[in-house]
Amino acid sequence: MTGAAPAYLASVGTALPGDPVDNTVLGKLLGVSEEWIDIFVGTRSRHFGRDLGTGEVRWSLADLCAQAAAEALESAALEAPDIEFLILSTTTPDTLLPTTASQVADRLGLDYLPVYQLQAGCSGAVQALDLGRTLIASGRRAGLVIGGDVTHRHLDFDRELARIPTDELVNYLLFGDGAGAAVLTAEPLGERVAVRGVLNSLTGLGRPAGQTVDWYGLTDRDQDRPLLREDYKAIEEQVPVMAVEIFWELLEQVGWQVEQLDHLLPPQLSERMTTRIVERLGVPGVHEVSCVGETGNTGNALPFLQLARLLPDLRTGQRALGVTVESSKWIKAGFALEKV
């Protein structure tokens, strides 16, 4: 869609459940030291929709997504009748049917409009943005793009945590819960941020998955296999390389020189990984916009959480590049923005 009329980000809303859980609390639960967590991932806190003391799920994905979307609508000064589509991306829907997207639409008072749900990981927010701008280009005037994830189905704090293998334990350190949303418009409204380009490309042909998120059905729910698996060594090797490739591919796609870039939204797997990626990119003078140190890896919510931090600092004429890598089957994703 390069050269097509751009869509615009009018506003962003976010939602994080409960108080942040710091490394002191998490370390005691997992039987590891606070210092070890800091050295291994660098993330300092994260939020969980489940009470870690009682096990009660206090916030569902629909709760968080509806809260983020309502905040985005209010910030854009739009109401339900103004919205002509809703797209929600997640790895962790509340139920397979009805979709979380349709549940969120219901909570927002939306009806008689297309509602899409994308099943995706870290690249999902960008995939939703890509679909949203396609709908804007087809004639829709405004829509909601939402991303979010929750961990309560995949992180079991009732297990004997001291015996969890390291390749599973890392997930308890990396991930947190959250949601984000943006109002996408055909005309520059609100924040007036033009989406100049989007990259969304599967590059995993013939390659083993770097991350697997499993699920159980009636026939296999008693099998002893982890729901969430990471090949962290492969991720450490491949994600920085792919991030650099995405960065330069996006710049070429939109015809920008690196000297014209003001802000960078790097991948947010962990604080340590983000630091390595930014160092590898080597773009001094570009303002880094990161949140993973405080929020943990919230999957589909992360680009929206970064955007919420970017928008107060984004000035007219300034440009920003967002880079996202999904390690499941090695998906390259990203977006280029300009304040008009």
Practice problem: Could you work out the longest stretch of the chain that avoids the GluC sites (Glu not before Pro) located in DSSP loops with at most 11 other Cβ atoms within 10 Å? | Solution: 161-340
Quiz item: For ALA80 and GLU56, FRET efficiency with R0 = 35 Å and r from the beta-carbon atoms, rounded to 0.05?
Solution: 0.70
Exercise. Sort largest first and round to whole Å: the equivalent ellipsoid semi-axes of the stretch 7-185, each the square root of five times a Cα gyration tensor eigenvalue.
Key: 34, 15, 14
Practice problem: Quick one: compute the contact order of the stretch 7-185, relative version, from alpha carbon pairs under 8 angstrom and 6+ residues apart, as a percent. | Solution: 35 percent
Quiz item: With r defined as the distance between the Cβ atoms of ALA234 and LEU113 and R0 fixed at 41 Å, what FRET efficiency is calculated, to the nearest 0.05?
Solution: 0.50
Self-check item: Antiparallel bridges, percent of DSSP beta bridges restricted to the chain (to nearest 5)
Solution: 75 percent
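Within 10 Å of each residue's Cβ, count the other Cβ atoms and sort ILE37, ILE87 from fewest upward.
Listed from fewest to most nearby Cβ atoms, that is ILE37, ILE87.
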Quiz item: Using the 10 angstrom Cβ neighbour count as an exposure proxy, how do ILE83, ILE235 rank, fewest first?
Solution: ILE235, ILE83
Self-check item: Mean shadow area of the stretch 228-315 over all directions, Cα convex hull, nm²
Solution: 6.4 nm²
Quiz prompt | Hydrodynamic radius by Kirkwood, which averages 1/r over all alpha carbon pairs of the stretch 193-339, in angstrom | solution = 16.3 Å
Quiz prompt | Percentage, to the nearest whole number, of Cα pairs in the chain over 33 Å apart | solution = 23 percent
Self-check item: the stretch 66-115, Cα convex hull volume normalised per residue, Å³
Solution: 77 Å³
Practice problem: Evaluate the charge dipole of the chain about its Cα centre and quote only its size in Debye, nearest 20, assuming +1 on the Cβ of each Lys and Arg and -1 on the Cβ of each Asp and Glu. | Solution: 620 debye
Practice problem: Could you line up SER270, SER75, SER201 from fewest to most neighbouring Cβ atoms inside 10 Å? | Solution: SER201, SER75, SER270
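Readers should treat all values here as calculations from the given coordinates under stated rules, not as data from a laboratory. Since we're looking at a predicted model, the values are computed, not measured. Please note: Cβ atoms are built from the backbone with ideal geometry, for glycine as well, and neighbour counts cover all protein chains shown.
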